[in-house]
Amino acid sequence: MADNCEPNRDWNQLGSQLCRREPVHVADQSTMNKPTQNISNAVQKASGRRYSIIRRLTQPKNIVWPLTSLIFLCASVYTVSLHNSFKTGALDLGQYVGAFWTTLHTDQFFYSPLLQQSYFARHFAPINFVTIMWYSVFSGPEYLLIFKSLLLALSFAMLWYVADKALDSGWLALGIAFGFISNRYLVEAWLFDYQEQVFLPVLLFSLYFAYKQRAWRAFTILSILTYLTNEFIVILFVPFLLGLALEEWHVNGDSVTARRLLLLAGVGVLYFGFTVWAMEYFSQAGQAQFGTASPSQISQFTNPEVLISQLIDGAAFKIEHLILFLAPMLFIAFLDITFIFSLSPYLLYAWLLTSRNVYAGFGAHYSLYILPFAAIGLVRALEKMNLSHSTKRYLALTMAVMVVFHAGLGAVFVVQTEQVPDSDEHIDAINQQIELVPDDASISTLSNLQPHLAEREHSYMTPPHGELPDYVLIDTTSYGDWYSFDLKSFNLADNYALVSANDGVWLFERNDIDQANQVSASQSIPISSFEVRGAQISDGMIVRDDPSKASTVWYGPYQKLPGGNYTITYEIRVKGDGYLKIDAASGNGKEVLKSKQISPTDKWTTQSLSFNLEEPNENLEYRGIANGQVTVEVKNITITRHR
């Protein structure tokens, strides 16, 4: 190319540069791409800022309080919905509502109409003064459930702070906190109405945090509040303090701290003696009782044979629930001396002293006693292991798997116990009947209805001291809420008149109040509540279409009914050769109250059977028995109580 160049020719600048093999002069690359680079840099900076914000927002320390708020909100809505569906009970919600209401509105001190004595005779729990301050502002059983949800949600956050401070791993701390709050046994305690033991998790986590910070004033105050929660916690908390003191003395060589802990433990022993005197003082019987353990049961410890028998009885059940109870914490809490010291007296009581499944199975609210100690033991054991960062990460993932597993167990418990809110016409019928009861009237009712009628001076299940309340409210469609309700003690047939009936919910008024309001009550009996043998249930009917099948067509539903005059009515069609016998019977079918034979007609007919109950019957059944080659169809079954 250079041979063809002519130097004397008038080349333009570019031509000259090419001819002289000089580089072409073009705009600077960075200058040409500057707008593009600016855009790219801006995008990178924005993405970096966005990633930084997301990373900060998703750090455990930044999400623990939003999670706490979410737990509180969901638990509050759920438990209040259960209450509005009449799935709370007189024991434990109704007794607290009654005790708080009488304290604020009468001259009686924590008097529970349900217990017919001061609640302090059952459990000496001064921490309830805190609850009653809440109740004085937010009165009503539903607000006690909200208060319970608040305390347990706060325990989630407090445990996170304890674990994060000890382990320096926010995610592992979050796994521990979720393992605690989703524990299947804590879920059961959460759903079991209200108790003062709900203070224990947040108090114990807070005092342990104060202990690690050496904030002794806060630790002492929180320890005293723990003692004031319930007399039974003293038996578990004192060994916990002794475990801490032993470790401080022999491991850390800190005799000053050990003596402080021993002093607090000594205060607990003295306080326990005071609670015995206090419960005797408030008890009308003049004798304190710890849970369900009487002095005679406590004396069993002197008999080795009884102890061995108690230990062996239900051993598989006891061990199974202990394993499930500690599984979310991977059993690591067993490596901590304070947990062993706290668990030992609980198992001594649950396995040897009472032998009741509710204690050995950590049922009802009893997990609130021991689960906080297990969580603290887990944190303490992990702290001593001095784990690497990667090990903590793997442990957090393992705990996440256990959380999912135990959350599943909690869901199974909810389904099995039917702890699902309802909203239907029957709920409306119960509410309508409750509204008919005057505010100043005395009333006895079923366990699941009592909390809704507890804010009055006289609200019971069983009549107090042989007296007859002004009103009795029962739900004849309910088969599982008759706990501590003795229907026979009312003698409804002689002492009461049925004044309102709605969808099987019956309100009785004592005769000397007003007899002019008596009514008859009819209640439809669902076909599905009957058992069938020689038939099947189809399209809302009982159908026997094969005469060769068993002669008993239907039986059940084992109703609970007060004394009185009744008529059961069917729509029946009988075809073929033979007849159908219908009857009403009690005593598992042994006592026939009334029977009737129905001949074939090939048409639908209305058949009635009237009978009298001189006293309440808790096992009433209606039966249909075929004789001969007949087919049977039955629908629209109702029971009517006459005035």
> Looking only at the stretch 573-602, which residues are modelled with pLDDT under 90, in contact with a strand residue (DSSP E or B) (Cβ under 8 Å, 6 or more places away or on another chain) and not in a strand (DSSP E or B)?
Replying inline: G587, N588, G589, T601, D602
> Which residues, counting only those in the stretch 364-394, are among the β-branched types (V, I, T) and open to solvent by 10 Å² or more (accessible area, probe 1.4 Å)?
Replying inline: T391
>> From the list N565, N627, exactly one residue is touching a His at 6+ places or on another chain (Cβ under 9 Å), open to solvent by 30 Å² or more (accessible area, probe 1.4 Å) and part of a strand (DSSP E or B). Which is it?
In response: N565
>> Is it the case, given these coordinates, that A99 is assigned by the TED database to the domain that holds W171, open to solvent by less than 30 Å² (accessible area, probe 1.4 Å) and not basic (K, R)?
In response: no
>> Residue pairs, Cβ under 6 Å, 6 or more apart or interchain, first in the stretch 611-626 and touching a residue at least 40 places away in the same chain (Cβ under 8 Å) and assigned by the TED database to the domain that holds R533, second of a type in the set (F, W, Y) and open to solvent by 10 Å² or more (accessible area, probe 1.4 Å). List them.
In response: N619/Y558; E621/Y555; E621/Y558; R623/Y555
> In the stretch 135-154, what residues are open to solvent by 20 Å² or more (accessible area, probe 1.4 Å) and not polar (S, T, N, Q)?
Replying inline: V137, F138, E142, Y143, I146, L150, L154
> Yes or no: E467 assigned by the TED database to the domain that holds V505 and among the acidic types (D, E)?
Replying inline: yes
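For the condition more than 38 Å from the chain's Cα centre (by Cα) and in contact (Cβ under 8 Å) with a residue 60 or more places away in the chain, what is the one hit in D583, D545?
Going through D583, D545 in turn, just one is more than 38 Å from the chain's Cα centre (by Cα) and in contact (Cβ under 8 Å) with a residue 60 or more places away in the chain: D545.
In the stretch 123-141, which residues are in a loop (DSSP other than H, G, I, E, B) and on the phi < 0 side of the Ramachandran plot? Outline the logic, then answer.
Pass one, the stretch 123-141, residues in a loop (DSSP other than H, G, I, E, B): 123-127, 138-140.
Correct list: H123, F124, A125, P126, I127, F138, S139.
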> Scanning the stretch 228-244 for residues that are open to solvent by 40 Å² or more (accessible area, probe 1.4 Å) and in contact with a Phe, Trp or Tyr (Cβ under 8 Å, 6 or more places away or on another chain), which turns out farthest from V202 (Cα to Cα)?
Replying inline: L242
>> Just to be sure before I move on: is K549 more than 18 Å from Q607 (Cα to Cα), assigned to a strand (DSSP E or B) and at pLDDT below 90 in the structure I sent?
In response: no
> What number of residues within the stretch 181-209 satisfy the criterion of being farther than 18 Å from L91 by Cα and open to solvent by 10 Å² or more (accessible area, probe 1.4 Å)?
Replying inline: 8
> When you scan the stretch 605-621, how many residues do you find that are over 36 Å from the mean Cα position of the chain (by Cα), part of a strand (DSSP E or B) and not hydroxyl-bearing (S, T, Y)?
Replying inline: 5
>> Residues that are at pLDDT below 90 and over 23 Å from L241 (Cα atoms): list the helices (runs of 4 or more DSSP H) wholly contained in the stretch 257-376 that include at least 1 such residues.
In response: 295-298, 304-312, 315-326, 357-360
> Does E247 meet the test of being crowded, with 18+ Cβ neighbours inside 10 Å and over 19 Å from D336 (Cα atoms)?
Replying inline: no
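Identify, from the list S169, S206, S182, the residue that is among the small types (G, A, S) and under 17 Å from the mean Cα position of the chain (by Cα). Give the steps one after another, and end with the answer.
On the way: S169 fails: under 17 Å from the mean Cα position of the chain (by Cα); S206 fails: under 17 Å from the mean Cα position of the chain (by Cα).
After applying the criteria, what remains is S182.
The values are calculated or read from the model by the stated rules, or taken from the named source; none is laboratory data. Note that the structure is predicted; figures quoted are calculated from it, not measured. When we count neighbours, we look across all protein chains shown, and the Cβ atoms used for this are built from the backbone with ideal geometry, even at glycine. These area figures cover heavy atoms from the full protein model, side chains too; ligands, DNA and RNA do not enter into them. Shrake-Rupley method; radii C 1.70, N 1.55, O 1.52, S 1.80 Å.
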